[in-house]
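Read through the structure below, which is laid out as C-alpha cells, and then see the notes.
The values are calculated or read from the model by the stated rules, or taken from the named source; none is laboratory data. It should be emphasised that the depicted structure is a prediction, and the values quoted were computed from it without experimental measurement. Quick reminder, even Gly has a Cβ in these numbers, built from the backbone with ideal geometry, and neighbours come from all protein chains shown.
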Amino acid sequence: MSDDLLADITSRDPARVWSSSGAITKLRDADQLDYLASNLGTIRESTQNLSLGGAVFPNSEHLRFALRKLEFHLARAGCLCALYSEYLFYDPQQEADAGNVIVEEITYIQDKWVDTYRCRCTSCGQRYLVKEGESHYTWWEWKAEPVAAGGVQDARA
C-alpha cells in the first residue's frame, strides 16, 4: 500500500495526488508513515507548483496537510491526535469508527443537528471538544481540552 501511495502522490496527476493526500490524512500505520516520511523530499519535489483545483476549498490544502502529517511523524513530535486541530476534515465519527477516538458525548441543537462532540484519543487520552459546522461542506474544529497540573486530564472535562 505504501508503494501505491507514494506512486500516486508523486504522479503529478491532480486526482491521484488529491486522493493519496486524503489517504495519508487517515493513515495511522507507523511503518507506512515511516516509509512515506522517508520519501518526503521526493514527494515535495514531485508536488511543487502542482495545481489541484478546488472550487470552495482549495485541494492544495489536503496536500499541504498530508505533508504536514508526514513531517510531524518523521519528527516523532507526539501523538497524531495533536494534528486534529490543524485540519477541518477530521470527522469525529469516522475517527471513532477507526478506533482513534472515543466519542464520549454529543450535544445537539434543537435535538436535530450536532453542535459538539466530546472525544478522547485512544492512544494518549487527550480530550477534545469538537465543534461541527457546515457551509458548502461539513467541517469540524477540534480543540484540546486543558490538562491539569501533573499531566492528568482535567476531571471537569
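For (1) surrounded by 15 or more Cβ atoms within 10 Å (Cβ to Cβ); (2) over 16 Å from T25 (Cβ atoms); (3) under 14 Å from the mean Cα position of the chain (by Cα); (4) assigned by TED's automatic domain parsing to the domain that holds P146, each residue gets a yes or a no:
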| residue | (1), (2), (3), (4) |
| --- | --- |
| S51 | no, yes, no, no |
| F72 | yes, no, yes, no |
| L83 | yes, no, yes, yes |
| E95 | yes, no, yes, yes |
| V103 | yes, yes, no, yes |
| I106 | yes, yes, no, yes |
| Q110 | no, yes, no, yes |
| D115 | no, yes, no, yes |
| Q126 | yes, yes, no, yes |
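Across the stretch 53-70, what is the total count of residues that are touching a helix residue (DSSP H, G or I) at 6+ places or on another chain (Cβ under 8 Å), farther than 12 Å from G22 by Cα and either loosely packed, with under 14 Cβ neighbours inside 10 Å or free of Cβ contacts under 8 Å to residues at least 40 places away in the same chain (or both)? Going through the stretch 53-70 one residue at a time, the tally reaches 3.
Only one of the listed residues (A75, A55, A15) is among the small types (G, A, S) and at pLDDT 95 or above. That residue is A75. Of all residues in the stretch 21-35, none satisfies being at pLDDT below 95 and either in the same structural domain as Q126 (by TED's automatic domain parsing) or crowded, with 18+ Cβ neighbours inside 10 Å (or both).
Sub-7 Å Cβ pairs linking a first residue in the stretch 17-29 that is part of a helix (DSSP H, G or I) to a second residue that is hydroxyl-bearing (S, T, Y), at least 6 apart or interchain, are V17/S11; V17/T47; T25/Y87, ordered by first then second residue.
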